[in-house]
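Novice: Structure incoming, see below.
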Amino acid sequence: MQTNVVVLDNGGGLIKAGLGGERDPSTIIPNCLYRPLSSKKWLHPSPTSSDDPTDLTSAAVRRPIDRGYLINPDLQRDIWAHLFSSLLHITPAQSSLLLTEPLFAIPSIQRATDELVFEDFNFSALYVADSPSLVHLYEASRRPTGIVSKAQCSVVVDCGFSFTHAAPVFQNFTINYAAKRIDLGGKALTNFLKELVSYRSVNVMDETFLMDDVKEKLCFVSLDVPRDLRIAKKYGKDNLFRCTYVLPDGVEHTKGFVKDPAEAQRYLTLTDGDFPAQVGTNKDLDQLQVTEKREDRKRVDLTKNEFELSNERFLVPEMIFHPADLGMNQAGLAECIVRAVNSCHPHLHPVLYESIILTGGSTLFPRFAERIERELRPLVPDCYRVNITSQEDPILGVWRGGSLLASSPDFEAMCVTKAEYEELGSARCRRRFFH
Amino acid sequence: MEEDTSSPIRRVSSRTRKVASKMAAALASSDNRAQAALARLEALENDNAGMEMQETNEDDEASLDDDDQVYMQKKMSKSMKRKTRQAKALENARKAPRTFIELLHEANLESLPPHVPSYLKAAVGPPSSTSRRHFCTVCGSAANYTCIRCGIRFCSCRCQNIHNDTRCLKFVA
């Protein structure tokens, strides 16, 4: 009778959905409805993998999730209905659901979620998982001989769309009293970048999707902020960070793009030492590539609808490491990890520091792991090793863990069935999930 | 001797009173600044500014543009007959999604016993060092100067001029 398990990682930015047991989710869609300027209706965004040219210019966005938590069940119902019927092609009544929920969801939100799952969609069973334990499960199964699976504990640093959590996991259970949260995620970073670019060059305050793309393609984490600021002040070729992003014009390009990808990659030549000496080799490389392109680059910006970025590229991700710079009264990511570990039993500290797992879309910034390691090392006692693992695909990490859990033989026993929900109600069913 | 010194001190104190009135004004303005800073942090979680307003506007337009305007009006009047304005407003208020902050207030997490982990206790808390780096709001490099009118940071004369021309007092006043 029991057929399939739908695994749904319901993130604030992206929904990752698919069937349990598979390696990758079959669909990834933005968790929102959007309304382009040309339309009066709210539309469902197409999956991120397809590249049909939907016009997202100045689109207004409605998201069912605010600060990581589901606050608009009606909107979520619309999105899920579209997802289940036209993308996943499943019938909820004959499947069970593994749903991720952020840590510390308040009871009213949990109740709304349960109502959505059982009363609106009639799923036959539900299991609610939290993302750190799923990531831990996945990493432990991937490396059966690694320390994560041997010690059965890890610190999962989930830097997602709405917020950042550092949560220790012990024997597949998230230690909830030790989890620490920074209220900064990819959404705040995109908005910050929007603000900077809008003030300094072009008004892009309405271009959420465009700026997401800019952030993903051009932002990186600086390893030495004062040095990089000095380099960013230079003119011409010496400024390794300056690069140009071309806005879509709606005729030739429906999507924005980086004008000269080689130029955008130049920061990678910066090594740990001081100022780079090998700028000359770069110049040669540029000259070899295209000569007419350089003249192109010097033409007036205003007619071409493009903008330049230099220090914004690393000052934006910098905020995760120093939220105080924004005026937030919160500690940075390294300190967040240390506090999460310190809330655990001292016997766990050495092994926790040795198994830090990075997940979530915002960890995709180049050099993110390196920077955390550098900031963490001085804060961690000398005798402990610090080992940071980046997931190979941080956006899908949680979903893969869910898929693994859904295919395990015990899964059915862990679920709450629809009959139980109708008998006991939301609050008592929730006790089964221990969080 | 002591009486002599006391009188200038009194004069000094009168001067500090003058400063104090200025200080009071400065405090008021810094309160403004704090509010502005909070508002800017809030804005970082915005989805798309002014979206709701647009929506109502466009809905009006849609109903006017439509060919079946008469039909729409009929429909409207029908529904109006059934529901009083108050009931409708109540229903709208119930339907409108509440923000997470409102839900959080409603959940009353402060009343939980101290050992129960909750959303509020999971916040990472203030940083151990209070030092805050300042970046020039105009160009982004390290900012050593503060605007005397609105408190925004800048790094050089050039950036100060740009700041004064473009958005001095924009967030505060």
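Novice: By the scheme Lys and Arg +1, Asp and Glu -1, what is the net charge of all other residues having a beta-carbon under 13 Å from that of A:A331?
Specialist: Residues near A:A331 contribute 0 overall.
Novice: Return the inverse of the average 1/r over all pairs of distinct C-alpha atoms in segment A:342-390, which is the Kirkwood hydrodynamic radius, in Å to one decimal. Let's see the in-between values first.
Specialist: Working: mean 1/r = 0.0864 Å⁻¹.
11.6 Å is the Kirkwood radius here.
Novice: Kindly state, to the nearest 0.05, the FRET efficiency for A:Q171 paired with A:K255, given R0 = 30 Å and r defined as their beta-carbon distance.
Specialist: 0.10
Novice: Leaving out ligands, DNA and RNA but keeping every protein chain, what accessible area does B:L112 have, in Å² rounded to the nearest 10, with a 1.4 Å probe?
Specialist: Number for this one is 60 Å².
Novice: Follow-up. State, as an integer percentage, the relative contact order of segment A:307-411 based on alpha-carbon contacts under 8 Å between residues 6 or more apart.
Specialist: Over segment A:307-411, the number comes to 24 percent.
Novice: Which whole-number percent is the relative contact order of segment A:121-183 (Cα, under 8 Å, 6+ apart)?
Specialist: 27
Novice: In square angstrom, what is the accessible area per residue of segment A:139-238 with a 1.4 angstrom probe?
Specialist: Numbers: 3640 Å² over 100 residues.
Averaged over the residues of segment A:139-238, the accessible area is 36 Å².
Novice: A further question on this structure: Looking at this model, which pairs from A:K16/A:K180; A:K16/A:K150; A:K418/B:K88; A:K217/A:K255; A:K187/A:K217 are more than 22 angstrom apart at the alpha-carbon?
Specialist: From the list (A:K16/A:K180; A:K16/A:K150; A:K418/B:K88; A:K217/A:K255; A:K187/A:K217), the Cα-Cα distance tops 22 Å for A:K16/A:K180; A:K16/A:K150; A:K418/B:K88.
Novice: Quick one: what are the phi-derived ³J(HN,Hα) couplings along segment A:382-393, Karplus 6.51/-1.76/1.60 with θ = phi - 60°, whole Hz, x for glycine and proline?
Specialist: With coefficients 6.51, -1.76 and 1.60, one gets 3, 7, 8, 7, 10, 9, 10, 9, 8, 6, 5, 9 Hz.
Novice: What list of ³J(HN,Hα) couplings, whole Hz, do you get for segment A:164-170 from phi and the Karplus terms 6.51, -1.76, 1.60, once you set θ to phi - 60° and write x for glycine and proline?
Specialist: 10, 10, 10, 10, x, 10, 10
Novice: Residues with amide H under 5 Å of A:L247's amide H, sequence separation 5 or more or different chain, H placed in the peptide plane at 1.01 Å from N; which?
Specialist: When sequence neighbours closer than 5 places are left aside, the close amide H contacts are A:E306, A:F307.
Novice: Also, quick follow-up: Just from its helices, what would the mean residue ellipticity at 222 nm be for chain A, if runs of 4 or more DSSP H residues each count -39500 (n - 2.57) and the sum is divided by every residue, rounded to the nearest 500 deg cm²/dmol?
Specialist: -9500 deg cm²/dmol
Novice: Relative contact order for chain A: what is it in percent, counting Cα pairs under 8 Å that are at least 6 residues apart? Could you put the intermediate results ahead of the total?
Specialist: Working: 767 pairs, mean separation 87.1, N = 435.
Relative contact order here is 20 percent.
Novice: Would you mind computing the Rg to Rh ratio of chain A from its alpha-carbon coordinates, Kirkwood style for Rh?
Specialist: The Rg/Rh ratio comes out at 0.99.
Novice: Next question, about the same structure. Amide H to amide H, which residues 5 or more places from A:L97 or on other chains are under 5 Å from it, using H placed in the peptide plane?
Specialist: A:V6, A:A125, A:L126, A:Y127
Novice: Taking amide H positions as placed in the peptide plane 1.01 Å from N, state which residues far from A:E354 in sequence (5 or more) or on other chains have amide H under 5 Å from it.
Specialist: Residues meeting the amide H criterion: A:N387.
Novice: Where the accessible area of segment A:294-435 is counted over protein heavy atoms with a 1.4 Å probe, how much of it, in %, is carbon and sulfur?
Specialist: Carbon with sulfur: 51 percent of the solvent-accessible area.
Novice: Oh, and also: Using the Karplus curve 6.51 cos²θ - 1.76 cosθ + 1.60 with θ = phi - 60°, work out ³J(HN,Hα) for each residue of segment B:155-163 in order, rounded to whole Hz, and write x for Gly and Pro.
Specialist: 10, 8, 4, 4, 5, 5, 4, 4, 4
Novice: Another one. What's the total accessible area buried between chains B and A, using a 1.4 Å probe, rounded to the nearest 100 Å²?
Specialist: 4700
Novice: Follow-up question, since we're still on this one. What accessible area per residue, rounded to a whole number of Å², is obtained for segment A:322-427 using a probe radius of 1.4 Å? It would help to have the intermediate numbers written out before the result.
Specialist: Details: 4410 Å² over 106 residues.
Heavy-atom accessible area per residue stands at 42 Å².
The values are calculated or read from the model by the stated rules, or taken from the named source; none is laboratory data. Model, not experiment: these values are computed from the prediction. Positions of Cβ are backbone-derived with ideal geometry, glycine not excepted, and every protein chain shown enters the neighbour counts. Quick note on the areas: whole protein, heavy atoms, side chains included, nothing else; ligands and nucleic acids left out. Shrake-Rupley method; radii C 1.70, N 1.55, O 1.52, S 1.80 Å.
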